[in-house]
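**Q** Next up is a structure, given as structure tokens.
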């Protein structure tokens, strides 16, 4: 099915498939992988890549992800500002057209993005717009106040939406989707995302890259996914069962 033909009913059917798989998930990674895989397979004609991210403290990440995040921070001249409590937008589930996209451990440069400061985030157009459109206050990026997140986006799903990935720019004229080689090679049309937050302040983000150029109304059909996913995985997060041991 093409994602441009998605309706609230087809998204509800998608969730039914996901929910049945979440019953067997032993950790958040397994749950997020089930969501991204099912989303990609359900709309395989259109979806290039579906990913799920969650904000986690740098000190709680697996060794390989910490190394990747530290390398990114150092390259941006912010390595000294990275500490164990720094929230990192961490890749937790991924599925797409290329085999290498089906395992978070194989991610090249996107395993985790440290949210070191508002200025650091503002330098990454896609992440800055993603967080703002989901309703994340830039003040939080500097304060890392979990209560601020719970009070702002905890119960309200925002929508990240880029209608035309090849041409959309921010107020400074920078491409929102900086990886234009990826956009061109895979014919990415629109990019959208939604999410929410767990009660302890961790943010979940679902991002979809597709080769259809979507209307905003179609993207809005997916708004419920974030909160549905959170409601079914709260127990895993509360028990700190985040990553697979494999």
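**Q** Show me the ranking of peptides 51-60, 18-27 by mean Cβ neighbours inside 10 Å, starting with the highest.
**A** Listed from highest to lowest mean packing, they are 51-60, 18-27.
**Q** Taking the number of other C-beta atoms within 10 Å as the exposure measure, put 221, 210 in order starting with the fewest.
**A** 221, 210
**Q** Now a separate question. Provide the gained length on full extension for the span residue 172 to residue 74, in nm with one decimal, where the gain is 0.36 nm per separating residue minus the Cα-Cα distance.
**A** 32.8 nm is the gain from fully extending residue 172 to residue 74.
**Q** Continuing with the same structure: Quick check: the distance between the Cα centres of region 162-178 and region 44-115, to the nearest angstrom?
**A** First find each Cα centre; the distance between them is then 22 Å.
**Q** Let me ask something else about it. What ranking do 89, 131, 82 get, fewest neighbouring Cβ atoms within 10 angstrom at the top?
**A** 82, 89, 131
**Q** Hey, another quick one. If you average over every viewing direction, what projected area does the convex hull of the Cα atoms of region 105-157 give, in nm²?
**A** 4.3 nm²
**Q** A further question on this structure: For the chain, report the convex hull volume of the alpha-carbon atoms normalised per residue, in Å³, without decimals.
**A** Per-residue hull volume (Cα only) is 115 Å³.
**Q** Sort 182, 161 by Cβ crowding within 10 Å, fewest neighbours at the top.
**A** 182, 161
**Q** Once the Cβ-Cβ distance between residue 23 and residue 108 is put in as r, and R0 is 45 Å, what FRET efficiency do you end up with, to the nearest 0.05?
**A** According to the calculation, E is roughly 0.90.
**Q** Calculate the length of the line joining the C-alpha centroid of region 215-246 to that of region 125-150, in whole Å.
**A** Region 215-246 and region 125-150 have Cα centres separated by 18 Å.
**Q** Between residue 44 and residue 245, what length in nm is gained on full extension when 0.36 nm per residue of separation is reduced by their alpha carbon distance?
**A** Between residue 44 and residue 245, full extension yields an extra 69.5 nm.
All of the numbers you see were taken from the coordinates with simple rules; none came from a lab. If you're wondering where the values come from, they're calculated on a predicted model, not measured in any experiment. Reconstructed Cβ throughout: ideal geometry from the backbone, glycine too, with neighbour counts over all protein chains shown.
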